[in-house]
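Notes for the one structure printed next.
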Amino acid sequence: GSPVLWKNLVDPFAVLFYFSLKMTISAKSASHSDSIAAPSLYGSFETMTYGDITVPVVDLDGYEAAKLFDSELMELMGSPPNHVKSVLQVCLAGPFMMGQEKHDWLEDHARNTWAQASVGLGRTLLRKKDWIMSLWAPYTLADNVAMWPKTEVDFGQLFLKADLWDDGLEQAIAFSSIGTHRVETASRVFGGEQLRFVVALNAFASFQVRPGFSRYGGDMYFSEAGMPVLVVTPDGTEVSRGSRDWQYWKFVWRSSLASMVTLQDHLHMAHYKVANVLATSSRRELQPDHPARRVLTVFTWGSIGINYKSMFALSLKDSALSRTMPVKAFDSLTETVPESLPDITRTVEYFADESRWAELPRQLQEAPFYADGLLLFRALRGLVQGYFDLFRDQWCDQDDDALTDSGLLALEHDLASTLAAANYQGDYTRRKTCTQAAERVTAALYTVTAYHRHVGQVGDFAIDPEVAAFSW
């Protein structure tokens, strides 16, 4: 049976969201390469816009079409009737769910407490993670694959010493986990020790939060060996290693990092800016038999379906993520976050330029994100360059390398206008050569593969509220 969700522990919205999500996921099966549908259509399609984000409602490649009430379109796409479930889930269940009662209950000590969940010494469950796991561990997908992803790193087992978190946790997060891409070099001396690295998150303290919640933030400085030494709080207070507030501010930093990586790097950069725009423009402008459409279909498969659903679950006001995060004006993030994202080339700047790679400190060059990322980037660059070479006579001017293929020119124009309309950073006015186009395609493919895998691996954090929380 399902775990008990006491009415004094979680609000009606959380109860309904949990059970609807569990029911939806349990009907799914793991996907495989033969699940990808070959392109058969191209052209205009219905879209949905919220803030600066616009996503297709229907994927012309046939994956998880979200609105198939039109019988002619259903016949044309050959989609099975069960695809209509997406409409029922999103258009009917979504608004009903978002209309449910929502309570923070921060000042009510008889509600929303871990004691209510029977967590703690002398109670049924020892750790908060145990309660979260009880919600998911017993359940599987339709093909008996575990519903919650298998734990890759058990942070509690490795770093929880009695009731204190060892500083090796922050070192691991920054140099071997989801924080590596945000590590910057620093030149600060504190207590006579040279601080070589920093992961700066105080900029996110500008997000106004609901009453009773704490703000995001914390700039954490690391030694030459990668160990955390200092946290500078949003108000400028210096919290040193081992001080009274050290454990708390480490938690704030970990939580802020997990939250902002999820919101900015995963959802908005990997999903909306790159995968969504590439999937949208390629289906709108490239004919089904165009060689570029064929290869881009493989790398954007599933993007439209998941991004459309994410608008309801993760982006709208009163969505699940808006309840998980304490940001007061949550619905404004679909405008402010896109404007803050760097150009796509920033995700691969150290891989694409040998001189930039040489500037990386050895500790970062050897970090999995960079060491493994370089290998995959080179493989993707070889794939893309080889593809352009194969069709160079058809796509490129032999004298000045300018793009000449009508389909790719239309794609380039659509990409530029779509990115500009969403206020994404970047120069989208300059026409690209084939070489430049290949470089940007490589950056895009890297972002939706290796980069997405890196920033999307928050399961080990989300399952353990003592490691990190999206609100506190």
Legend entry - Residue under evaluation Ala172, criteria (1) crowded, with 17+ Cβ neighbours inside 10 Å; (2) among the small types (Gly, Ala, Ser); (3) modelled with pLDDT under 90, criterion not met: (3)
Legend entry - Subset tally (residues that are modelled with pLDDT of 95 or more and open to solvent by 60 Å² or more (accessible area, probe 1.4 Å)) for the range 340-352: 0
Inset, instruction - Would you check if there is a residue in the range 169-176 being among the aromatic types (Phe, Trp, Tyr), in contact with a Gly (Cβ under 7 Å, 6 or more places away or on another chain) and within 30 Å of Ser340 (Cβ to Cβ)? - result: yes
Inset, instruction - Would you be able to tell me the number of residues in the range 141-178 that are over 20 Å from Ser240 (Cβ atoms) and touching a residue at least 60 places away in the same chain (Cβ under 8 Å)? - result: 18
Legend entry - Selection status of Thr433, under 26 Å from Ala279 (Cβ atoms) and open to solvent by 60 Å² or more (accessible area, probe 1.4 Å): no
Legend entry - Qualifying position, being acidic (Asp, Glu) and in contact with a Lys or Arg (Cβ under 6 Å, 6 or more places away or on another chain), among Glu193, Glu224: Glu224
Inset, instruction - State which residue is modelled with the lowest pLDDT when the search covers only the range 402-442 and only residues that are part of a loop (DSSP other than H, G, I, E, B) and over 25 Å from Tyr350 (Cβ atoms). - result: Thr429
Inset, instruction - Look at the range 451-472 and say how many of its residues are open to solvent by 30 Å² or more (accessible area, probe 1.4 Å), hydrophobic (A, V, I, L, M, F, W, C) and either over 14 Å from Thr262 (Cβ atoms) or assigned to a loop (DSSP other than H, G, I, E, B) (or both). - result: 2
Inset, instruction - Mind listing just one residue for me: the one in the range 353-364 that is in contact with a helix residue (DSSP H, G or I) (Cβ under 7 Å, 6 or more places away or on another chain) and part of a helix (DSSP H, G or I) and, of those, surrounded by the most Cβ atoms within 10 Å (Cβ to Cβ)? - result: Leu364
Legend entry - Residue within the range 104-123 that is loosely packed, with under 15 Cβ neighbours inside 10 Å, in contact (Cβ under 8 Å) with a residue 12 or more places away in the chain and outside any loop (DSSP other than H, G, I, E, B) present: no
Inset, instruction - For Lys129, work out the one condition from (1) in contact with a Lys or Arg (Cβ under 9 Å, 6 or more places away or on another chain); (2) closer than 24 Å to Lys22 by Cα; (3) not in a loop (DSSP other than H, G, I, E, B) it doesn't fulfil. - result: (1)
Legend entry - Odd one out for Val153, checked against (1) open to solvent by less than 60 Å² (accessible area, probe 1.4 Å); (2) in contact with a Pro (Cβ under 7 Å, 6 or more places away or on another chain); (3) not in a helix (DSSP H, G or I): (2)
Inset, instruction - For Asp414, state whether it is under 25 Å from the mean Cα position of the chain (by Cα) and open to solvent by less than 20 Å² (accessible area, probe 1.4 Å). - result: yes
Inset, instruction - Consider only pairs whose beta carbons are under 6 Å apart and that are at least six residues apart or on different chains; among these, list those whose first residue lies in the range 444-455 and is within 7 Å of Ala270 (Cα to Cα) and whose second residue is surrounded by 20 or more Cβ atoms within 10 Å (Cβ to Cβ) and hydroxyl-bearing (Ser, Thr, Tyr). - result: Thr447/Thr347
Inset, instruction - Identify the single condition in (1) part of a loop (DSSP other than H, G, I, E, B); (2) touching an Asp or Glu at 6+ places or on another chain (Cβ under 7 Å); (3) at pLDDT below 80 that Ser86 does not satisfy, given that it satisfies every other one. - result: (1)
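The values are calculated or read from the model by the stated rules, or taken from the named source; none is laboratory data. What you see is a predicted model, and the numbers here were worked out from it, not measured in a lab. Quick reminder, even Gly has a Cβ in these numbers, built from the backbone with ideal geometry, and neighbours come from all protein chains shown. When the accessible area is computed, the model is the full protein with side chains, heavy atoms only, and any ligands, DNA or RNA have been set aside. Shrake-Rupley method; radii C 1.70, N 1.55, O 1.52, S 1.80 Å.
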